[in-house]
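Chemist: First, the structure itself, so that you have it in front of you.
Every number here is computed from the coordinates shown, using simple stated rules; none is lab data. All values derive from a computational prediction rather than experimental measurement. All Cβ positions, even for glycine, are placed from backbone atoms using ideal geometry, and neighbour counts span all protein chains on display.
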Amino acid sequence: GDSVTQMEGPVTLSEEAFLTINCTYTATGYPSLFWYVQYPGEGLQLLLKATKADDKGSNKGFEATYRKETTSFHLEKGSVQVSDSAVYFCALVRVTSYGKLTFGQGTILTVHP
Amino acid sequence: SAVISQKPSRDICQRGTSLTIQCQVDSQVTMMFWYRQQPGQSLTLIATANQGSEATYESGFVIDKFPISRPNLTFSTLTVSNMSPEDSSIYLCSVELAGPYEQYFGPGTRLTVT
């Protein structure tokens with residue numbers, strides 16, 4: 001079955017540090033890939049997406065590139081802020097899964113001033 | 001995007017009782033989804049609710065425990081029946097918008113069962 005694996009957390013960084021959160025997936029066919037963010041006490045927000053190989057999704061300074069050869073979709077940001085502190089979820093959906101999102105376990109990011 | 005609201009935002013319930021969670025969207029959508037997020041865990045799909053048809057449940061979730069209604073294209077309810085402390089979770093609805101397969105989530109309902 002489909003699965004998504006994220007790097008172990010939590011991740012703690014100082015403000016303006018470079019961020020990478022690793023995400024790899026297993027799925028048949030060509031899934032669409034997403035990053036969602038959950039700020040403390042809030043619901044999930046779609047951060048970015050990529051629907052085919054080599055696509056780069058970007059939003060709010062975050063980027064992720066769909067790498068089919070390595071089945072990866074790593075999230076990066078060049079300079080994190082305290083306000084980026086949240087839980088980040090990598091997810092996928094296949095064309096044939098009728099919209100079912102499969103999520104990774106989530107990575108807690110804490111950014112200190 | 002759309003505005004998605006859920007009621008209640010949180011509740012504390014006694015074991016053995018039931019709670020109905022409402023999800024309202026400000027635009028018409030075909031597909032709505034219900035997810036569960038157990039404490040410190042990721043999200044797991046409970047069921048998919050399409051208007052005019054029975055909900056489709058994922059493995060491990062049954063209609064008797066989580067009955068779902070979808071009376072129109074902007075509204076759905078999820079009932080958590082005969083609750084136990086193991087049902088303590090955040091329950092989130094989501095809708096598919098823009099596409100393909102781009103889902104937007106409601107703020108969630110935080111349920112605690114004592």
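Chemist: Collect residues whose amide H, placed 1.01 Å from N in the peptide plane, falls under 5 Å from the amide H of B:Ile46; neighbours closer than 5 in sequence don't count.
Modeler: Amide H neighbours of B:Ile46: B:Trp34, B:Tyr35, B:Arg36.
Chemist: Residues with beta-carbon under 9 Å from that of A:Lys49, excluding A:Lys49: net charge, scoring Lys, Arg +1 and Asp, Glu -1?
Modeler: Net charge in that neighbourhood comes out at -2.
Chemist: If you average the sequence gap of Cα pairs under 8 Å that are 6 or more apart and divide by the length of region A:1-90, what percent do you get for the contact order?
Modeler: So the answer I get is 34 percent.
Chemist: If amide hydrogens are placed 1.01 Å from N in the peptide plane, which non-local residues have theirs closer than 5 Å to the one on A:Ala17?
Modeler: Close amide H contacts, sequence-distant or interchain: A:Val80.
Chemist: If exposed GluC sites (Glu not before Pro) are those in a DSSP loop with at most 11 other Cβ within 10 Å, what is the longest stretch of chain A that has none? Intermediate results must be reported in sequence, preceding the final value.
Modeler: Details: sites that count: A:Glu8, A:Glu16, A:Glu69.
With a cap of 11 other Cβ atoms within 10 Å, the longest stretch comes to A:17-68.
Chemist: Treating cross-link reach as a plain straight distance, find the aspartates and glutamates whose alpha-carbon is under 20 Å from the alpha-carbon of A:Lys52, omitting any fewer than eight places away in the same chain.
Modeler: Within the straight-line cut-off, A:Lys52 pairs with A:Asp2, A:Glu63, A:Glu69, A:Glu76, B:Glu96, B:Glu102.
Chemist: Percent relative contact order of region B:24-114, based on C-alpha pairs within less than 8 angstrom and at least six residues apart?
Modeler: Once divided by the residue count of region B:24-114, the mean separation gives 29 percent.
Chemist: Where nothing but the Cβ of Lys and Arg (+1) and of Asp and Glu (-1) is charged, how large is the charge dipole of the protein assembly as shown around its Cα centre, in debye to the nearest 20?
Modeler: About 300 debye.
Chemist: Which of rounded, prolate, oblate describes region A:32-113, given a ≥ b ≥ c as roots of the alpha-carbon gyration tensor eigenvalues and a/c under 1.5 marking rounded, otherwise prolate only if a/b is larger than b/c?
Modeler: oblate
Chemist: HN-Hα J couplings of region A:88-103 from phi, Karplus 6.51/-1.76/1.60, θ = phi - 60°, integer Hz, Gly and Pro as x?
Modeler: Working through the residues one at a time gives 10, 10, 8, 8, 9, 9, 9, 4, 8, 9, 6, x, 5, 7, 9, 9 Hz.
Chemist: Sticking with this one: Show me the chymotrypsin sites (Phe, Trp or Tyr not before Pro) within region A:1-79 that DSSP assigns to loop and that have at most 12 other Cβ atoms within 10 Å of their Cβ.
Modeler: Hits after loop and neighbour filter: A:Phe18.
Chemist: Extending each Cα 7 Å along its Cβ direction at B:Ser53 and A:Arg67, get the distance between those two points in nm, one decimal.
Modeler: The modelled label-to-label distance comes out at 3.8 nm.
Chemist: Below 28 Å, Cα to Cα, which lysines can A:Lys49 reach? Residues fewer than 8 away in the same chain don't count.
Modeler: A:Lys60, A:Lys68, A:Lys77, A:Lys100
Chemist: Whose amide H sits under 5 Å from the amide H of A:Tyr30, counting only residues 5 or more places off or on another chain, with H placed in the peptide plane?
Modeler: A:Val95
Chemist: Report the label-to-label distance for A:Ala17 and A:Thr96 in nanometres (one decimal), using points 7 Å from each Cα along the Cα→Cβ vector.
Modeler: 4.2
Chemist: Could you point to the residue in A:Ala86, A:Thr107, A:Gly1 farthest towards the positive end of chain A's charge dipole, with +1 and -1 charges on the Cβ of Lys/Arg and Asp/Glu respectively?
Modeler: Farthest towards the positive pole: A:Gly1.
Chemist: Further, regarding this structure: Does chain B classify as rounded, prolate or oblate by the C-alpha gyration tensor (a ≥ b ≥ c root eigenvalues; a/c under 1.5 gives rounded; else a/b over b/c gives prolate, otherwise oblate)?
Modeler: In terms of gyration-tensor shape, prolate.
Chemist: Same structure again: Just to be sure I understand: of the beta bridges DSSP finds with both ends in the protein assembly as shown, what percent are antiparallel, rounded to 5? Could the numbers behind the result be given before it?
Modeler: Numbers: 69 of 77 bridges.
That works out to approximately 90 percent antiparallel.
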